[in-house]
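Report on the structure given below.
Every read-out reported here was derived from the displayed coordinates using simple, explicitly stated rules and does not represent laboratory data. Bear in mind the structure is a predicted one, so any value in this text is a computation, not a measurement. For neighbour counting, all protein chains shown are included, and Cβ atoms are generated from backbone atoms with ideal geometry for every residue, glycine included.
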Amino acid sequence: MVSVQYYIILNEHAGSGRAGTLWPQIKEQLAADQVTYQVVTSEYPNHAILLSEQFAKQVPDQANQNWVVLAIGGDGTLHQAINGLNQHPRQHPIPVAYLPVGSGNDFARGAGMALDWQTALTQIIRCTHPTTYDIGTYNETIKQERGIFTNNLGIGFDAGIIAQANQSKAKVWLNKHHLGSLSYLASALDVYYNQTGFTLTVHVGQQRDIYPNAFLVTTTNHPYFGGGVGIAPNATLTDHRLHLVVIEKPNFFKLLWLGLRLVFKRHLTSKAVHYYQAANIHLTVPAIEYGQLDGEEMGGRFFDVYIGIDQYPFWVDVTI
């Protein structure tokens, strides 16, 4: 077995506190498998970015270094860890691993990882070499923000749901009782009734399409968003392509019908749905709309965003 050391970034609040609850059991398993590790705790929003960035500065940029950064939490924890690791380019990137104990765990689904933490941990600690997966890159020129996403970048409906749910006073109580998904359902209904369609321009190569009534705009790196919803069924983490799904605002009954088609992965043939595959996509939205990255809020803003594809080494063996 390869001698690997893990720098663990623990987000105890992930999954409505599930990560913190499971940590003693995870620690026992690490000890039983004689795993060498250091652990730090993410204590405030975006803290994991700083933790992984500071760690990367300490590790020599050499091919034979044996450190792996292991994010224990949800998709947001992984998002922050990998963004921190990429703050300073390296010739030999530090591999990243991810134990899916959050709410959505969509990257685990996209990668084909186990969703139960014990098996997922085995897939990590018995791994012998990194696997290169696609990651999304973005450059938002209005606010001059650059970064990485592992799952998706969303504008409109899905981002509005996340923002609304996070502001909900009921979410704290629901999370405490492990019913956090109900806050998202209530927020979805509220956002649907309050959100108007917006103008979106899509640039792909020499093609330019304008949608005056866009409602949901998701650029994804793999099939899933929103905790297992297969928005782009044919996407994979190794196809070197972005998958853009644009949905124009339907009436409520058409929305229900579209939701049903989504369950059976037939939504891409609907007239209100537009689908693109490309290595580079440019989106502009000349109105203030909510945005999200891997379930993390971007806030309400105008958008002029260039989205691309890159690769990064992940420390996991999904064949185990």
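Taking 0.36 nm per intervening residue step and subtracting the Cα-Cα distance, what contour gain separates D239 from A279 on full extension?
13.4 nm
Over the chain, with a Gaussian network built from C-alpha contacts below 10 Å, which listed residue (D304, D158, D209) shows the highest mean-square fluctuation?
D209
What does the charge count near V202 come to, summing +1 for each Lys or Arg and -1 for each Asp or Glu among other residues with Cβ under 12 Å from its Cβ?
With Lys, Arg at +1 and Asp, Glu at -1, the neighbours total 0.
Suppose a student asked you for the relative contact order of the chain, using Cα pairs under 8 Å spaced at least 6 residues apart; what percent would you report?
Answer for the chain is 20 percent.
May I ask for the net charge around G227, where only other residues with Cβ less than 14 Å from the Cβ of G227 are counted and Lys, Arg are +1 while Asp, Glu are -1? Intermediate results must be reported in sequence, preceding the final value.
On the way: positive: R18, R109; negative: D75, D106, D158, D294.
That sum, taken over residues with Cβ under 14 Å, equals -2.
Give the distance, in whole Å, between the Cα centre of the range 194-241 and the Cα centre of the range 75-146.
Cα centroid of the range 194-241 versus Cα centroid of the range 75-146: 21 Å apart.
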